[in-house]
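In what follows, a structure is listed as structure tokens, so that the remarks can point back to it.
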Amino acid sequence: MELEEILTDEEVPTAKNVKKAAKAFGADFVCIGSIDRWNSAPKENDPRSIMPRCKSVICLGFRIHRGAQNAVREGTYYSGYTFSGFNDLNEAVAPLVQHRLASYLEDFGYETIALAHHSNKLGDGSGEAKQNPDGTFKPKPEVFINYRISAVLCGAGEIGYSRLLLTPQFGPCQRIYFLLTEAELEPDPIFEGKLCDGCKLCVRKCPAKALSLTETDDFEIPGICNIHRSSLDMGKCAMSHGGGAFSPFAPPEVRAYAENIANGTRTTCADGTPRPSPEEISKNVGEKVPYAVIARKNWGIPAATCAECQRACLEHLDKRGRLSLKFRHKYGE
């Protein structure tokens with residue numbers, strides 16, 4: 001679609017045209033949330049802490065290709081997911097679309113901020129909160145919204161037991177990015193479907209045992225929805241996803257070391273010894289898996305060799321016919 005087909009003589013942008021522009025620029029889906037949906041958000045996650053005059057939050061979704069996921073499932077080509085499903089979207093594809101859409105909105109005279117995916121890594125917590133004239137406090141920089149919850153507030157989908165965002169188009173297979181704008185755009189309705197049926201295949205398929213069958217980390221968005229999700233052991237997840245502990249690139253001794261941690265608790269290993277510190281795990285896993293070392297050294301990214309929870313959910317939803325994007329065969333067949 002040519003941009004000229006989207007631009008109109010209207011003095012203000014419409015939600016319809018913003019979505020047309022975003023898709024013309026390369027987004028796979030676009031959803032919009034009105035700022036009032038963040039009224040109960042803490043200041044540290046409130047878009048208005050970044051842009052006080054923010055009226056709308058725009059969520060852009062970019063698919064993770066099923067072919068790249070399938071190549072990892074078959075154990076033949078991991079870098080397709082590492083790059084096209086992760087790094088390239090974060091560093092190249094999405095930022096360009098965000099920039100073009102922000103320019104489109106600012107051409108109407110509405111200030112717009114494209115939220116950089118890694119901006120939270122720049123904030124080290126050293127800034128000081130400041131008191132406003134009305135007695136309230138500004139949070140420390142950098143303010144960073146919660147992406148998955150913000151996607152729910154924009155109407156993109158729901159959060160499954162896996163803690164992943166599930167959308168009716170792609171299930172768990174997308175990455176999401178956001179813009180804040182002063183433009184008051186018609187919001188999308190909150191997604192009221194039910195994609196996650198609590199099958200917990202995500203838990204059973206996780207090689208690091210980072211998700212729990214019984215312990216949950218539920219979350220309520222007042223007046224909107226309740227989120228039922230598994231608790232997550234971030235250390236175990238990072239060991240597998242970023243460290244490549246259970247990938248074919250891991251030496252046998254590294255895999256054995258990781259299995260001892262995965263089969264243990266948050267404080268002890270399976271053999272009863274205290275669980276190593278995150279620094280020790282990184283040294284004994286991430287620094288000894290060649291794939292992970294190269295990914296971090298050359299591109300500054302995690303190896304992204306896991307995502308078994310994502311693939312398990314995709315296969316389950318696809319076989320049940322719950323996704324609007326249809327393929328010539330079911331995933332996993």
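Could you grab me the full set of residues in segment 127-174 that are outside any loop (DSSP other than H, G, I, E, B) and without any contact (Cβ under 8 Å) to a residue 40 or more places away in the chain? Scanning segment 127-174 gives Lys130, Gln131, Tyr147, Arg148, Leu165. Checked against the criterion of being under 26 Å from Phe219 (Cα atoms), open to solvent by less than 40 Å² (accessible area, probe 1.4 Å) and at pLDDT below 95, the candidates Ser40, Ser56, Ser49 yield just one match: Ser49. For segment 214-235, filtering for residues that are part of a strand (DSSP E or B), open to solvent by 20 Å² or more (accessible area, probe 1.4 Å) and touching a strand residue (DSSP E or B) at 6+ places or on another chain (Cβ under 8 Å) leaves 7. Look at segment 219-236: where a residue is free of Cβ contacts under 8 Å to residues at least 40 places away in the same chain and of a type in the set (Ser, Thr, Tyr) and a partner is part of a strand (DSSP E or B) and open to solvent by 40 Å² or more (accessible area, probe 1.4 Å), sitting 6+ places away or on another chain with Cβ atoms under 7 Å, you get Ser231/Glu215; Ser231/Thr216.
Out of Ala71, Ala116, one residue alone is under 26 Å from Gly243 (Cβ atoms) and out of contact with any Phe, Trp or Tyr (no Cβ under 6 Å at 6 or more places or on another chain). It is Ala116.
With respect to being open to solvent by 30 Å² or more (accessible area, probe 1.4 Å), out of contact with any Gly (no Cβ under 6 Å at 6 or more places or on another chain) and assigned to a helix (DSSP H, G or I), Ala238 fits the description. For segment 110-124, the candidate set comprises residues that are more than 20 Å from Gln174 (Cα to Cα) and modelled with pLDDT of 95 or more; within that set, the residue that is surrounded by the most Cβ atoms within 10 Å (Cβ to Cβ) is Thr112. The number of residues in segment 20-53 being without any contact (Cβ under 8 Å) to a residue 12 or more places away in the chain and either basic (Lys, Arg) or touching a helix residue (DSSP H, G or I) at 6+ places or on another chain (Cβ under 7 Å) (or both) comes to 0. When you go through (1) within 30 Å of Ser40 (Cβ to Cβ); (2) modelled with pLDDT of 95 or more one by one for Ile224, which number turns out not to apply? Unmet for Ile224, out of (1) within 30 Å of Ser40 (Cβ to Cβ); (2) modelled with pLDDT of 95 or more: (2). For Val293, the conditions (1) touching a helix residue (DSSP H, G or I) at 6+ places or on another chain (Cβ under 9 Å); (2) in a helix (DSSP H, G or I); (3) crowded, with 17+ Cβ neighbours inside 10 Å all hold with the exception of (3).
Any idea how many residues of segment 178-213 are touching a Ser or Thr at 6+ places or on another chain (Cβ under 9 Å) and either open to solvent by 50 Å² or more (accessible area, probe 1.4 Å) or assigned to a loop (DSSP other than H, G, I, E, B) (or both)?
16
If you go through segment 66-81 and pick out every residue that is surrounded by fewer than 16 Cβ atoms within 10 Å (Cβ to Cβ) and over 15 Å from Tyr291 (Cβ atoms), you end up with 2. Screening segment 125-177 for residues that are crowded, with 16+ Cβ neighbours inside 10 Å and among the aromatic types (Phe, Trp, Tyr) and picking the one that is modelled with the lowest pLDDT gives Phe144.
The values are calculated or read from the model by the stated rules, or taken from the named source; none is laboratory data. Small disclaimer: the values here were computed from a predicted structure and weren't measured. All Cβ positions, glycine included, derive from the backbone under ideal geometry; neighbour counts span all protein chains shown. Each accessible area value is taken on the protein alone, full model and side chains, heavy atoms only, with ligands, DNA and RNA left out. Shrake-Rupley method; radii C 1.70, N 1.55, O 1.52, S 1.80 Å.
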